[in-house]
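What follows is calculated from the coordinates using simple rules that are stated; it is not laboratory data. Note that the structure is a prediction, hence the values are computed from the model and not measured. Positions of Cβ are generated from backbone atoms using ideal geometry, with glycine treated the same way; all protein chains shown enter the neighbour counts.
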Amino acid sequence: MSIHLHFRAVAESEIHDDHTWLAGFMSDAWDVHEEEYAAGITDSIDKIWGSVHEFYAAAGTLDTDPGEPWTLPVYGGRPVPDSADADPSDPPMMLLEPPGVSQAARFLATVSFDALWDVAGAGFEARGCARQEFLEHHTSLRGFYGRAASAGHAVVKVVWA
């Protein structure tokens with residue numbers, strides 16, 4: 001079974017703060033994920049996104065910004081509430097508004113991957129996780145959030161199974 005956490009940058013003015021609308025928007029975006037990935041406006045993490053979040057939690061042991069900016073890249077944002085007429089099969093969604101996107105981009109641009117791996121890598125390797133996979137996700141998220149922040153965009157997040 002394939003399961004992904006899907007991130008999509010979008011201009012805040014284009015967002016309808018409505019679960020049903022966002023579910024359709026994100027579904028359409030997922031259908032063209034490869035093209036949008038090539039354009040730099042989307043990203044995704046396969047079923048290990050929880051581990052990527054745990055990896056960033058290691059930043060709490062480093063000398064980083066107070067306020068836990070490490071929570072933003074994966075789980076940051078506010079839940080988009082279901083509307084009364086929402087399809088029960090629609091997945092839960094999060095919306096990270098532009099100030100949060102900028103904070104996530106700053107965190108990803110300044111945190112040292114090697115320092116995080118030095119602190120947390122042994123635990124992930126013991127679980128069979130590869131350093132290269134985490135590096136690829138970190139590099140991809142850093143670029144994605146950097147572009148989204150530069151454009152002043154929000155980021156919508158949804159889990160697809």
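Helical content alone sets the calculated 222 nm signal of the chain at -15500 deg cm²/dmol, taking -39,500 (n - 2.57) per DSSP H segment of four or more residues and averaging over every residue. For the chain, the residue among Leu62, Ala104, Phe124 whose Cα projects farthest onto the positive side of the dipole built from Cβ charges is Leu62.
The distance separating the Cα centre of segment 8-26 from that of segment 129-161 comes to 18 Å. In sequence order, segment 120-129 has phi-based couplings of 10, x, 4, x, 6, 4, 4, 8, x, 8 Hz under the Karplus curve 6.51 cos²θ - 1.76 cosθ + 1.60, θ = phi - 60°, and Gly or Pro positions carry x.
GNM remark for the chain: springs join alpha carbons under 10 Å apart, and the peak mean-square fluctuation among Leu95, Leu108, Leu62 falls on Leu62.
The amide H of Met93, built 1.01 Å from its N in the peptide plane, has Val80 as neighbours under 5 Å, considering only residues 5 or more places off or on other chains. Potential lengthening of the chain between Leu62 and Trp160 amounts to 32.0 nm, from the contour at 0.36 nm per residue minus the alpha-carbon distance. The structure shown yields semi-axes √(5λ) of the Cα gyration tensor in Å, and of the options (i) 36, 18, 15; (ii) 27, 17, 14; (iii) 22, 21, 16 that calculated value carries the label (ii).
When the chain is treated as a GNM with alpha-carbon contacts under 10 Å, the residue of Ser51, Ser13, Ser140 showing the greatest mean-square fluctuation is Ser13. About its Cα centre, the chain has a charge dipole of approximately 480 debye under the convention of +1 per Lys or Arg Cβ and -1 per Asp or Glu Cβ, with nothing else charged. Distance between the 7 Å Cα→Cβ label points at Arg131 and Ala151: 3.4 nm.
Projecting the Cα atoms of Pro91, Gly77, Trp21 onto the charge dipole of segment 1-148, computed from C-beta unit charges around the Cα centre, puts Gly77 farthest toward the positive end. Considering Cα pairs under 8 angstrom that are at least six residues apart, work out the relative contact order of segment 33-161 and quote it in whole percent. Relative contact order for segment 33-161 comes out at 33 percent.
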